[in-house]
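K.L.:
My questions will all concern the structure given below.
The values are calculated or read from the model by the stated rules, or taken from the named source; none is laboratory data. Source: prediction; values computed, not measured. Here Cβ is always computed from backbone atoms with ideal geometry, including for glycine, and neighbour counts include all displayed protein chains. Quick note on the areas: whole protein, heavy atoms, side chains included, nothing else; ligands and nucleic acids left out. Shrake-Rupley method; radii C 1.70, N 1.55, O 1.52, S 1.80 Å.
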Amino acid sequence: MNTTSEFWDKSAEDLSREDLEALQLSRLQSTLERVMRSPFYSRRFAETGFRPDAVTHMSDARSIPFTTKQDLRDSFPYGLLCEPRDRLARMHASSGTTGQSVAIFYTKTDLQTWADLVARCMYMTGARPGDTFQNLSGYGLFTGGLGFQYGAERLGMLTIPAGAGNSKRQIQLMRDFSTNVIHIIPSFALLLMDVFKEQGVDPREDLSLKIAFIGAEPYSEEVRKRLEDFYGIKVYNSYGLSEMNGPGVGFECPQQNGMHIWEDSYMVEIVDPKTLEPVPDGQYGELVMTTLRREAMPIVRYRTKDLTRILPGPCPCGRVHRRIDRIQGRSDDMFIIKGVNVFPIQVEQVLMNIPEVGNNYVIVLRRENNIDDMIVRVEVTDRIFVEDMRLLHRLQQRIARDLKSELLLTPKVELAEPNSLPKSEGKAVRLLDQRKL
Ligand code: ADP
Ligand code: ZN
């Protein structure tokens with residue numbers, strides 16, 4: 001068991017499963033009372049005949065109606081509000097990766113609760129007051145900016161709101177202020193590696209980095225390994241979504257094996273996306289979440305569309321909050337080609353295991369004469385591109401072969417020069433499905 005100093009909030013982190021579930025039940029019950037104040041839920045509960053007082057045990061939660069992203073869009077912007085407008089302090093919007101965005105509102109108390117959760121996450125990995133934290137995440141409506149900013153300030157770190165992009169400046173800031181803790185999305189962390197190389201800066205030698213929080217989009221274990229090796233850091237996976245505040249929902253502990261969901265603040269379920277029935281621990285399904293502490297805009301049984309599973313068994317760190325596995329992708333990201341279901345992350349796993357493959361790639365799906373084609377365009381590393389055609393050809397064949405053994409279909413592989421594929425400052429676009437055009 002951990003010593004007290006390893007917990008940010010001992011009462012929330014170091015408790016028995018029994019006490020945690022009692023706390024969850026009472027918070028769930030008050031959340032269900034509260035959501036009745038919103039036009040959306042009062043209507044939804046009336047239509048479905050669900051009564052909040054029917055929940056007297058956690059297992060009764062299964063009778064609560066689901067909420068979908070479409071529900072949030074349909075009731076945009078104020079349909080889920082449970083507080084009068086003059087009690088609101090902030091709004092965020094999802095980045096709209098998959099369609100029209102949704103608006104999320106926070107009271108002052110919500111903002112404090114959220115900052116405290118993010119601080120709890122960072123503290124768990126070993127970040128401490130006195131550390132210097134650089135947030136290389138987009139600010140503005142995206143929750144990864146202010147979410148981490150307030151969490152880091154709450155923890156007591158010197159916080160540099162560097163924002164996304166501006167690669168050279170980022171490196172300069174890291175040097176000038178001896179940054180040792182960072183937050184960055186995986187695609188930007190990969191792109192930044194090339195800038196470091198161009199500038200002749202070796203992060204392991206020339207910088208003080210020790211911890212990185214990396215999330216906001218799916219990435220593979222192979223990418224974690226690349227980043228840890230190159231930067232000389234420990235990478236902790238960070239999961240969140242605007243609908244559940246933003247970052248601070250699920251976070252890896254020092255074990256780096258699955259993300260603890262803070263179950264005092266969120267109820268977590270995994271359901272079969274087709275039948276919507278719960279699946280046993282260890283089995284993949286859709287993550288469904290309920291806010292347990294939100295004032296302005298509580299959301300119950302929200303279908304995240306994110307696919308993952310509960311990791312069975314206790315975590316050696318001693319926290320009883322259950323862990324979810326790395327997110328496989330959103331159900332929207334999965335594509336079907338020649339009858340095979342593929343997630344972009346599977347392609348990434350294969351690519352990032354090949355040392356000659358650089359850090360940027362894109363998957364293109366095309367249809368010609370009614371035949372679907374999958375093209376994987378990958379940048380090669382600087383080192384290889386100058387060498388001869390035979391080597392390139394061999395590399396191309398190896399990539400195709402490795403992809404085939406993972407996906408059971410053979411994509412076309414196109415090699416691209418370093419830094420030639422499109423870069424994005426926000427979440428990376430890894431899939432171009434041109435078949436629908
Ligand atoms: P948008 O849905 O427009 O991208 P958000 O910023 O709210 O807006 O993004 C939340 C989504 O980002 C999650 O539902 C999930 O799909 C993805 N995501 C967040 N963190 C991670 C992570 N650590 N691993 C994989 N996917 C993640
Ligand atoms: Zn743990």
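K.L.:
Just the ratio, please: alpha-carbon radius of gyration of the range 160-257 over 2.2 N^0.38 Å, N its number of residues.
P.N.:
Values: Rg = 13.3 Å, N = 98, 2.2 N^0.38 = 12.6 Å.
So the range 160-257 has a normalised radius of gyration of 1.06.
K.L.:
Hey, can you find the accessible area per residue of the chain for me, probe 1.4 Å, expressed in square angstrom? Before the final figure, lay out the partial values.
P.N.:
Numbers: 18990 Å² over 437 residues.
That works out to 43 Å² per residue.
K.L.:
Net charge near Val380: determine it from the other residues with C-beta under 9 Å of the C-beta of Val380, scoring Lys and Arg +1 and Asp and Glu -1. Don't jump to the answer; show the numbers that get you there.
P.N.:
Numbers: positive: Arg383; negative: Glu356, Glu379, Asp382, Glu417.
Computed value for this residue: -3.
K.L.:
Mind ordering 212-222, 362-372, 152-162 by average Cβ neighbours within 10 Å, highest first? Write out the running numbers ahead of the final one.
P.N.:
Details: 212-222: 22.6, 362-372: 13.4, 152-162: 19.5.
In descending order of packing, they fall as 212-222, 152-162, 362-372.
K.L.:
Continuing with this model, one more query. Using only the Cα atoms of the range 335-433, construct the convex hull and provide its projected area averaged over every direction, in square nanometres to one decimal. Could you put the intermediate results ahead of the total?
P.N.:
On the way: hull surface 26.2 nm².
Averaged projected area of the range 335-433's Cα convex hull equals 6.6 nm².
K.L.:
Let's see if you can work this out: charge +1 on each Lys and Arg Cβ, -1 on each Asp and Glu Cβ, no other charges. What is the dipole magnitude of the range 335-433 about its Cα centre, in debye to the nearest 20?
P.N.:
Working: 14 positive and 15 negative charges, 47 e Å.
Value, rounded to 20: 220 debye.
K.L.:
Could you compute how fast the chain diffuses translationally, taking Rh as the Kirkwood radius over C-alpha pairs and applying Stokes-Einstein at 37 °C with viscosity 0.692 mPa s? Give it in µm² per second.
P.N.:
On the way: Rh = 23.0 Å.
It diffuses with D of about 143 µm²/s by this estimate.
K.L.:
Convert 10 °C to kelvin, take the viscosity as 1.306 mPa s, use the Kirkwood radius over C-alpha pairs of the range 200-274 as Rh, and evaluate the Stokes-Einstein diffusion coefficient in µm²/s, rounded to a whole number. Walk me through the numbers before you get to the answer.
P.N.:
Working: Rh = 14.1 Å.
Taking Rh from Cα pairs, D becomes 113 µm²/s.
K.L.:
Hey, another quick one. For the range 213-220, just list the computed ³J(HN,Hα) in residue order, Karplus coefficients 6.51, -1.76 and 1.60, θ = phi - 60°, integers in Hz, with x standing in for Gly and Pro.
P.N.:
9, 10, x, 6, 8, x, 8, 9
K.L.:
Can you compute 3J(HN,Hα) from phi for each residue in the range 184-189, using the Karplus curve 6.51 cos²θ - 1.76 cosθ + 1.60 with θ = phi - 60°, rounded to whole Hz and x for Gly and Pro?
P.N.:
7, 7, x, 5, 6, 4
K.L.:
Please list, or write none, the aspartates and glutamates whose alpha carbon is within less than 19 Å of the alpha carbon of Lys412, excluding same-chain residues fewer than 8 places away.
P.N.:
Glu348, Glu356, Glu368, Asp372, Asp373, Glu379, Asp402, Asp433
K.L.:
Another question, then. Roughly how big is the range 61-175's charge dipole about its Cα centre, with Cβ charges of +1 (Lys, Arg) and -1 (Asp, Glu), in debye to the nearest 20?
P.N.:
Numbers: 13 positive and 8 negative charges, 60 e Å.
The calculated dipole for the range 61-175 is roughly 280 debye.
K.L.:
Moving to a separate point now. With every protein chain present, what accessible area does Thr109 have (1.4 Å probe, heavy atoms only), rounded to the nearest 10 Å²?
P.N.:
60
K.L.:
Within the range 1-331, how many Lys pairs that are eight or more residues apart, or on different chains, come under 25 Å at the alpha-carbon?
P.N.:
17
K.L.:
Counting only helical runs of four or more DSSP H residues, what would the 222 nm mean residue ellipticity of the chain come to if each run contributes -39,500 (n - 2.57) and the total is spread over all its residues?
P.N.:
Numbers: 13 runs with 139 residues, N = 437.
After summing the helix terms and dividing by the residues of the chain, the value is -9500 deg cm²/dmol.
K.L.:
Round to the nearest 10 and report in Å² the accessible area of Met91, as given by a 1.4 Å probe over the protein chains' heavy atoms.
P.N.:
80
K.L.:
Considering only protein heavy atoms and a probe of 1.4 Å, how much of the accessible area of the chain is carbon and sulfur, as a whole percent?
P.N.:
Numbers: 9300 of 18990 Å².
On the chain, the fraction of accessible area on carbon and sulfur atoms equals 49 percent.
K.L.:
If you don't mind, another one. Toward the positive end of the charge dipole of the chain, about the Cα centre and with charges on Cβ (Lys, Arg +1; Asp, Glu -1), which of Pro316, Cys253, Pro186 goes farthest?
P.N.:
Pro186
K.L.:
If DNA, RNA and ligands are ignored and the probe is 1.4 Å, what is the ranking of Phe343, Phe188 by accessible area, most exposed first? If you can, show how the numbers build up before the last one.
P.N.:
Numbers: Phe343 30, Phe188 10 Å².
These residues rank, largest area first, as Phe343, Phe188.
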